[in-house]
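Take a look at the structure below.
The values are calculated or read from the model by the stated rules, or taken from the named source; none is laboratory data. Here the structure is a predicted model, which means the values were calculated and not measured. Here Cβ is always computed from backbone atoms with ideal geometry, including for glycine, and neighbour counts include all displayed protein chains.
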Amino acid sequence: MDEQPLPLPVPETGGGLDRRAELSEFLRSRRARLKPEDVGLADYGRHRRVPGLRREELAQLAGVSVAYYTRLEQGNGRNVSAEVLDAIARALRLTDAEHAHLTHLAKPKQHKKKPAARTQQVRVALRQLLDMFDSVPAYIVGRRSDILAWNRMAAAVFGDWAELPAQERNWARLVFLKPEYRDLFVDWDQKASDIVAFLRMDAGCHPDDPRLSALVGELSVKSEEFRRLWATHDVKEKSHGVKRFHHPLVGELSLSFETFRLVDDAEQSLITYHAEPHSPSAEALRLLASWGRDATRAGSGSSTSSN
C-alpha cells in the first residue's frame, strides 16, 4: 500500500529550522521525482497515491530494509552510516550538491555555541583587492546570501548597495522583494532558483541558524514565488556561468561570472563578472567604468563597503 503524502512544513520565523523535518521533506521530494522506469524497475500500471517511487522500491534499490529507510525518511538519521547514505544517494540519483546536503541533514556536524549568529567580517586585504578591479564588477557574498563587500563596478551594474540598510544587503531579499532586480536580470526565474538553492544548502549546514530561519520566514510571507521554490527542496552550487542583464543605462549585458571560495573561510566567496573581449558587453562595461559615480541604478555612486 502506498504511503499517504504529508503536507510540506511551513517555515518557522525564528529559532532555527527543524533539521528532522528538512531531512524528511528532502528525501520525499527526491523520491517523488523518480519513476520506476527511471531506475530500472517495472511499473505495472497500478494506481499510485503519491508521485514517484514508493518507499519499498527505494529501500530495495539502496539495499536497506523498508523499516530502516522509513525511519530515516521520518527524520531519524542519528545513527545512519556514511555507507548507507551513499547507497541512498545513488538510488535517488543525487547530484554531488544534493549528496552533500543529505549528509549535512542526516549527520550534522557539532558546532560551537551559536556560531551562525556571528557577524561575518571581510579582511582588509580583500577589500583592497576589490578596489583594484577597475573594470571588473566584483563582490564578496557570505552566509544566507549576504552581500559583505563590493567594488565600484559592482555598484555600477547592480546598484548602490551602500544606500541600503545592512540587513537588506542580501541577494534573496533583493531578488524577491525589490522589483528593480526583476527588471535587471533577463532570466530572473533562474536567478531566483539559484538563490533559493543556495539558501537550502546553507540551511543544511546550519539548520540552527535563527537569522536564516527568520529570513526564510520573512520571504515565505512576502513572496509567493519564494514559497514555491523553497518547497521544491532543490539544492545546487554554481561556481561559474553566464548572466544576462538589462541595464537601465547601457542596455543588454552578457557577463560571465566566476566564484572563488576563500580557503581560510569557506563561508565567504569572491564573485567576479567579466565580458568577452571586444564584445558589445565589454564596451558597455568600459562606459560604466568611465561614468564613475553616475553609473548607478539608484542614487549616487558607491565605494567598497561591508556589513
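Any idea which of ALA192, ALA214 is more than 29 Å from PRO277 (Cα to Cα) and part of a helix (DSSP H, G or I)?
On the way: ALA192 fails: more than 29 Å from PRO277 (Cα to Cα).
Just a single option satisfies the conditions, and that option is ALA214.
Could you figure out which of (1) at pLDDT below 95; (2) within 15 Å of the chain's Cα centre (by Cα) isn't true of PRO248?
Every listed condition holds for PRO248 apart from (2).
For residues in region 9-41 being modelled with pLDDT of 65 or more and assigned to a loop (DSSP other than H, G, I, E, B), which is surrounded by the most Cβ atoms within 10 Å (Cβ to Cβ)? Let's see the steps before the verdict.
Taking region 9-41 as the starting set, the residues that turn out to be modelled with pLDDT of 65 or more are 16-41.
So of that shortlist, the ones also assigned to a loop (DSSP other than H, G, I, E, B) come out as 16-18, 33-35, 40-41.
Details: GLY16: 18, LEU17: 21, ASP18: 16, ARG33: 15, LEU34: 19, LYS35: 13, GLY40: 7, LEU41: 16.
It comes out as LEU17.
Among LEU129, LEU148, LEU174, LEU105, which is the only one that is more than 22 Å from PHE198 (Cβ to Cβ) and either in the same structural domain as GLU283 (by TED's automatic domain parsing) or in a helix (DSSP H, G or I) (or both)? Please lay out each step first, then the result.
On the way: LEU148 fails: more than 22 Å from PHE198 (Cβ to Cβ); LEU174 fails: more than 22 Å from PHE198 (Cβ to Cβ); LEU105 fails: more than 22 Å from PHE198 (Cβ to Cβ).
Only one candidate passes the filter, namely LEU129.
So which of GLY241, GLY217 is at positive phi and more than 12 Å from the chain's Cα centre (by Cα)? Spell out how you get there, then give the answer.
Numbers: GLY217 fails: at positive phi.
From the options GLY241, GLY217, the qualifying one is GLY241.
State whether the residues of region 228-237 include one that is part of a loop (DSSP other than H, G, I, E, B), closer than 29 Å to ASP131 by Cα and within 14 Å of the chain's Cα centre (by Cα). Break it down into steps so the answer makes sense when it comes.
Here is the first cut: in region 228-237, the residues part of a loop (DSSP other than H, G, I, E, B) are 231-237.
Retained after the next criterion (residues that are closer than 29 Å to ASP131 by Cα): 237.
Checking which are within 14 Å of the chain's Cα centre (by Cα) leaves us with 237.
So far as region 228-237 goes, yes, one or more of its residues are part of a loop (DSSP other than H, G, I, E, B), closer than 29 Å to ASP131 by Cα and within 14 Å of the chain's Cα centre (by Cα).
What is the one condition in (1) more than 30 Å from PRO36 (Cβ to Cβ); (2) of a type in the set (Phe, Trp, Tyr); (3) surrounded by fewer than 17 Cβ atoms within 10 Å (Cβ to Cβ) that TYR68 does not satisfy?
(1)
Looking at this structure, is SER239 polar (S, T, N, Q) and more than 21 Å from ALA97 (Cα to Cα)?
Details: polar (S, T, N, Q): yes; more than 21 Å from ALA97 (Cα to Cα): no.
When the stated conditions are applied, SER239 does not pass them.
Among the numbered criteria (1) out of contact with any Leu (no Cβ under 9 Å at 6 or more places or on another chain); (2) buried (at least 23 other Cβ atoms within 10 Å of the Cβ), which single criterion is violated by ASP187?
(2) is the only condition that ASP187 fails.
Kindly provide the set of residues from region 132-153 that are closer than 20 Å to LEU255 by Cβ, buried (at least 16 other Cβ atoms within 10 Å of the Cβ) and either polar (S, T, N, Q) or out of contact with any helix residue (DSSP H, G or I) (no Cβ under 8 Å at 6 or more places or on another chain) (or both), ordered by number.
The answer is SER145, ASN151.
Pairs please, first residue from region 173-188 and farther than 20 Å from ASP146 by Cβ, second anywhere and surrounded by fewer than 22 Cβ atoms within 10 Å (Cβ to Cβ) and among the hydroxyl-bearing types (Ser, Thr, Tyr), Cβ atoms under 8 Å, 6+ apart in sequence or on different chains.
TRP188/TYR181
Go through (1) surrounded by fewer than 19 Cβ atoms within 10 Å (Cβ to Cβ); (2) small (Gly, Ala, Ser); (3) out of contact with any Leu (no Cβ under 7 Å at 6 or more places or on another chain); (4) closer than 24 Å to ALA266 by Cβ for SER193 and report which single condition fails.
(3)
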